[in-house]
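These notes are about the structure you will find just below.
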Amino acid sequence: MNVRTPARDAARRSCTVLLLHAPGSSAAALGPLATALHSQLDGLCEVLAVDLPGHGASDPAAGWAGAGGALAGQALQLAAAAPPAGPGPVIVLGVGSSAALAIELAGQLGSQQRGWPRVVLLEPPAWSAADVDAWLRDGLPALTPVWFGGHLLEAWHLVRDGRLFSPWFLRERAGIRQGEPDLDDLRIHREVSDLLRSNGAWQALLRDALVYRPVWPPGLEVIALDKPPGNWADVLAPEPGGEPPRS
């Protein structure tokens, strides 16, 4: 657990939120979201933003093949490193393409008899079969280091083009993103650094996520949100008798 946002009043804490970033990113990239969670939850939940194995400051996950692949291996490693259950439920909050990992991690935590966590997916991808084929074919470049730095330019284009096209490799009219793109140099540089730091790990994890077909155990609650809610407390820590919104 690389980034820890402590609750203001541990006695009031009603849940623990495990915040998962997308493959190729880092917990630091979710700093604004972690800050919003902490502010809107008003100390009701402890928020833990996690550097996935092989990302940010975390060591790579070991034993992927024996664990059933990168996705299962990372879920096992995260479950083993998860803090002891607090007084309230655990909520796994997966952002973007970390949705598959969030579901897999929740299954691992539930199988350890910690009680079934809740899963909240923020802007999970909706990949069609054609999307999956295109991503597997064109979207997972190796970024193999070369002495003249060509891999650095390739990584920069991947991040920059992701702001202009969706998906990033569909560089034609059909893939143009609507609206004004965010081309802030500093943010692009940080994302390129995250991508290169996690090279090898992010491709393996995203490859598994693309072909993942979740089987939700009975008792596992999953909420999908297509955009951040107006107040995270309504979703993660609703008042007694209240129901979290669903989409």
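Screening segment 89-187 for helices (runs of 4 or more DSSP H) wholly inside it with 3 or more residues that are closer than 30 Å to Leu37 by Cβ returns the ranges 99-111, 150-164. Beta carbons closer than 6 Å, at least 6 apart along the sequence or on distinct chains, pair a first residue in segment 90-102 that is more than 7 Å from Ala22 (Cβ to Cβ) with a second that is part of a helix (DSSP H, G or I) and at pLDDT 95 or above for Val92/Ala102; Gly94/Ala102; Ala100/Ala209. Taken together, the residues in segment 33-61 that are free of Cβ contacts under 8 Å to residues at least 40 places away in the same chain and more than 21 Å from Val90 (Cα to Cα) amount to 1. Only a single criterion out of (1) in contact with a helix residue (DSSP H, G or I) (Cβ under 6 Å, 6 or more places away or on another chain); (2) at negative phi is not satisfied by Ile103, namely (1). The residues in segment 150-169 that are small (Gly, Ala, Ser) and touching a Gly at 6+ places or on another chain (Cβ under 8 Å) can be counted, and the count is 1.
Number of residues in segment 14-43 that are outside any helix (DSSP H, G or I) and surrounded by fewer than 20 Cβ atoms within 10 Å (Cβ to Cβ): the value is 3. Return yes when Ala130 is among the hydrophobic types (A, V, I, L, M, F, W, C) and free of Cβ contacts under 8 Å to residues at least 40 places away in the same chain and no when it is not. Yes. Looking only at segment 196-205, decide whether some residue is without any contact (Cβ under 8 Å) to a residue 24 or more places away in the chain, closer than 22 Å to Leu30 by Cβ, part of a helix (DSSP H, G or I) and among the small types (Gly, Ala, Ser). Checking segment 196-205: not a single residue is without any contact (Cβ under 8 Å) to a residue 24 or more places away in the chain, closer than 22 Å to Leu30 by Cβ, part of a helix (DSSP H, G or I) and among the small types (Gly, Ala, Ser).
Please indicate, with yes or no, whether at least one residue in segment 108-120 is within 30 Å of Glu46 (Cβ to Cβ), among the aliphatic types (A, V, I, L, M), touching a residue at least 40 places away in the same chain (Cβ under 8 Å) and surrounded by 15 or more Cβ atoms within 10 Å (Cβ to Cβ). For segment 108-120, residues within 30 Å of Glu46 (Cβ to Cβ), among the aliphatic types (A, V, I, L, M), touching a residue at least 40 places away in the same chain (Cβ under 8 Å) and surrounded by 15 or more Cβ atoms within 10 Å (Cβ to Cβ): present.
Among residues of segment 134-153 that are within 14 Å of Asn199 (Cα to Cα), those with a Cβ under 7 angstrom from a residue that is outside any helix (DSSP H, G or I), sequence gap 6+ or separate chain, pair up as Gly139/Pro167; Gly139/Phe169; Leu143/Asn199; His151/Leu143; His151/Thr144; His151/Pro145.
Restrict the check to segment 224-242 and report whether at least one residue is free of Cβ contacts under 8 Å to residues at least 40 places away in the same chain, closer than 30 Å to Gly68 by Cβ and outside the structural domain of Arg118 (by TED's automatic domain parsing). Within segment 224-242, none of the residues are free of Cβ contacts under 8 Å to residues at least 40 places away in the same chain, closer than 30 Å to Gly68 by Cβ and outside the structural domain of Arg118 (by TED's automatic domain parsing).
The values are calculated or read from the model by the stated rules, or taken from the named source; none is laboratory data. Predicted model, so just to flag it, every value in this text is computed and none were measured. Ideal geometry is used to build each Cβ from the backbone, glycine not excepted, and the neighbour counts take in all protein chains shown.
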